[in-house]
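S.K.: Mind looking over this structure? Questions follow.
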Amino acid sequence: MIRVTQAIPQPDFSLRLTFSNGEQRRFDVQPYLGKGVFAKLKDINFFSRVRVVGGTVEWPDQIDLCPDTLYEKSELLQVTEQPAHLTPQGPRKPGSALGQVLVFANDSDSIPTDMADYS
């Protein structure tokens with residue numbers, strides 16, 4: 001399963017996301033603004049408090065979005081090949097799939113225990 005590893009809020013109410021497969025994507029949150037619990041995200045200061053938790057994005061008050069939705073409804077910006085020293089699998093072999101980087105935008109105490117060995 002592809003997970004969010006980094007989330008950077010943008011002034012246009014979008015998120016620049018990095019996923020565990022090395023892709024950087026842009027997710028537009030504007031269509032969700034004003035709907036149910038997402039109404040709080042209209043405040044740019046609140047929106048900017050986004051953080052990565054458990055492979056997805058979350059705001060205060062446990063407002064979150066499904067990582068599948070974030071991936072499927074976002075536009076690809078770029079694919080970044082991850083340095084071998086940052087991949088959990090170790091050095092890549094030529095022609096192998098991209099490694100995964102576990103970069104968290106929040107405190108290290110929120111790293112899931114199954115990923116703690118890679119931090």
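S.K.: Quick one: net charge around residue 16, please, counting Lys, Arg +1 and Asp, Glu -1 for every other residue with C-beta under 10 Å from its C-beta.
M.R.: Around residue 16, the surrounding residues sum to +2.
S.K.: Okay, next question. Considering only the other residues whose Cβ falls under 13 Å of the Cβ of residue 40, what net charge follows from Lys and Arg at +1 and Asp and Glu at -1?
M.R.: Charge balance in the 13 Å sphere: -1.
We did not get these values from a lab; they are worked out from the coordinates using the rules stated. Worth saying up front: this structure is predicted, and the values here are computed from it rather than measured. Neighbour counts run over all protein chains shown; Cβ positions are idealised from the backbone, glycine included.
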